[in-house]
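The values are calculated or read from the model by the stated rules, or taken from the named source; none is laboratory data. Nothing here was measured: the structure is a model prediction, and the numbers come from that model. When we count neighbours, we look across all protein chains shown, and the Cβ atoms used for this are built from the backbone with ideal geometry, even at glycine. Side chains included, ligands, DNA and RNA excluded: accessible areas come from the protein's heavy atoms. Shrake-Rupley method; radii C 1.70, N 1.55, O 1.52, S 1.80 Å.
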Amino acid sequence: MQSDPGDAQSAPVGIAGGRLTIDLGALTVNYRTLAALSAPAETAAVVKADAYGLGIARAVPALWSAGCRTFFVAYPAEGLAVRAAAPEARIFVLSGPMNEQAAGIITGAGLIPVLNSFEDIALWRRVSGGHAALHVDTGMNRLGVSEAEAKAFAAENSGDAAIPLALVMSHLACADDANHPLNKQQLESFQSVAAFFEGVDTSLANSAGIQMGGDFRRDLTRAGIAMYGGRAANRGDNPMRPVATAEARVLQVRHAAAGGVVGYGAAAKLERDTLVAIVATGYADGYHRSASGAGAPLRGVTAQGACGFIAGKRVPVVGRVSMDLTAFDVTECAGSVTHGDLVELFGANIPLDEVAEAAGTIGYELLTGLGRRYERVYVGGSGA
Ligand SMILES: *Cc1c(COP(=O)(O)O)cnc(C)c1O
């Protein structure tokens, strides 16, 4: 079953201001699309930050049913949530063993830490010495040992104290821009390191890296944002299905006269008589203040704010987004918008990335910042 905003309008929202519909069928279709692009490499699902805000407890079993066997999280606690949802999964923890307590949790739950530094390596040897991944920094200067350190480790990691490596990985800084010269440099750096770890699986590509294909795929790819329906590459159409639909209810429809203002700061000055829908969402729900229709000084790129979708039409945000409330100009839908109706904030009609761009950010931040006030509805079977 696909989420259908037509159906959604007729279903009650309950007592929440808004509803977040998560289409697990679309999630698994996207996973399979990415797995087909990654083949012959295996495709892991990156489910950090509670599956990009959409919920590990539901996303992970759906992905497991779709054939996913390997998962990446950022922190040990997230790994425990994945372990509960998929008892037999292989689970990598990107932020590493961190400290003795965290390393103990990792060991106890059979998680695999990603070792990012010599401190991590020493800690892991001391606490466990079990399977681990090695992260090599190939030019991003985020986490990971340097190319030279990786080669030194390859030479030194032998004998009784050797850590069995499940994976050697690196991360691309600019994969969203396929023409960026750093992609090829990072690939070459990674290939030169990988040669020192014969027989160990390697991983380099995130969602955008998967879309670049070819040598970037290696043995294992790490699918994140594209699986959740977001745009991974800066150019071209987004081939993924939308997974999350956010809607919020209209609390009041009001007539505001030309010459009047709307919202905090009187930032929106009306040039015409305007029908305004006051909607139950705001920045506390992760609907960014910077997506305001006016008076958002931090947003330089887009002149206009975000748009919602209701009664078959796109409706712009008018004035500033506040904590719990956002005003939309529904003048064009006069007669077909009433109290209790739902405005789509993003989903099938308003792409997630369009709202993100209007707010000066990226789909990742919009998803992971969704508030806890939405009523959550999961649709679509794991095998859809
Ligand atoms: C978050 C993350 C990913 C997933 O990236 P997407 O762009 O969402 O596909 C992959 N690898 C690492 C190391 C990450 O931190």
Handout entry: Neighbour count of at most 12 Cβ within 10 Å plus DSSP loop: longest GluC sites (Glu not before Pro)-free window in the chain
Key = 272-384
Completion exercise
Taking Cα atoms only, helix 56-65 is inclined relative to the longest principal axis of the chain by an angle, in degrees rounded to 10, of 60
Practice task
Report, to the nearest 10°, how far helix 118-127 tilts away from the longest principal axis of the Cα atoms in the chain, using its own Cα long axis and a range of 0 to 90°.
Solution key: 70
Handout entry: Per residue solvent-accessible surface (Å²) - the stretch 173-246, probe of 1.4 Å
Key = 42
Practice task
Give the relative contact order (percent, whole number) for the stretch 24-228; include only Cα pairs under 8 Å separated by 6+ residues.
Solution key: 21
Handout entry: Choice from Ala148, Ala102, Ala280 with maximal GNM fluctuation in the chain (Cα, 10 Å cutoff)
Key = Ala148
Problem - At R0 = 25 Å, FRET efficiency that the Cβ-Cβ distance of Ala311 and Arg235 yields, to 0.05 - result: 0.15
Problem - Pairwise label distance in nanometres, Ala152 with Ala266, each label 7 Å out on the Cα-Cβ vector - result: 6.5
Handout entry: Rel. contact order, % - alpha carbon contacts under 8 angstrom, at least six apart, the chain
Key = 20
Completion exercise
In the neighbourhood of Asp50 defined by beta carbon distances under 12 Å, the net charge of the other residues (Lys, Arg +1; Asp, Glu -1) is +3
Fill in the blank from the handout: Other residues with Cβ under 10 Å from the Cβ of Ala246 give, with Lys and Arg +1 and Asp and Glu -1, a net charge of -2
Fill in the blank from the handout: Sorted by chain and number, the residues with a modelled amide H under 5 Å from that of Met169, at a separation of 5 or more or across chains, are Leu134, His135, Val136, Ser203
Handout entry: Per-selection metrics, the stretch 143-213 (Cα): Rg and Dmax in Å
Key = 13.4, 45
Handout entry: Candidates Arg235, Arg32, Arg69, ranked by Gaussian network fluctuation over the chain, Cα under 10 Å, top entry
Key = Arg235
Problem - Computed over the stretch 244-350, Cα set: Rg, Dmax in Å - result: 12.5, 37
Completion exercise
So, over other residues within a Cβ distance under 13 Å of Ser65, counting Lys, Arg +1 and Asp, Glu -1, the net charge is +2
Practice task
Give the carbon-plus-sulfur fraction of the accessible surface of the chain in %, rounded to a whole number; probe 1.4 Å, heavy atoms of protein chains only.
Solution key: 52
Completion exercise
Phi-derived 3J(HN,Hα) across the stretch 189-198 with the Karplus relation (6.51, -1.76, 1.60, θ = phi - 60°), rounded Hz, x for Gly and Pro, is 4, 5, 4, 5, 5, 4, 4, 7, 10, 4
Handout entry: Given charges at beta-carbon only (K, R positive; D, E negative), |dipole| of the chain in Debye
Key = 600
Handout entry: Max mean-square fluctuation residue, GNM over the chain, Cα-Cα springs under 10 Å, options Ala66, Ala51, Ala334
Key = Ala334
Handout entry: Cα gyration tensor shape of the stretch 24-228, rounded if a/c is under 1.5, else prolate or oblate by comparing a/b with b/c
Key = oblate
Fill in the blank from the handout: Log entry: pair-distance distribution for the chain, C-alpha pairs binned every 10 Å from zero, whole % per bin is 5, 22, 28, 22, 14, 7, 2, 0, 0
Exercise for the section: Find the relative contact order for the stretch 71-123 and round it to a whole percent, using C-alpha pairs within less than 8 Å whose residues are 6+ positions apart. Expected result: 36
Fill in the blank from the handout: CD proxy, 222 nm, the chain: helix-only mean residue ellipticity via -39,500 (n - 2.57) per DSSP H run with n ≥ 4, per residue, nearest 500, stands at -8000 deg cm²/dmol
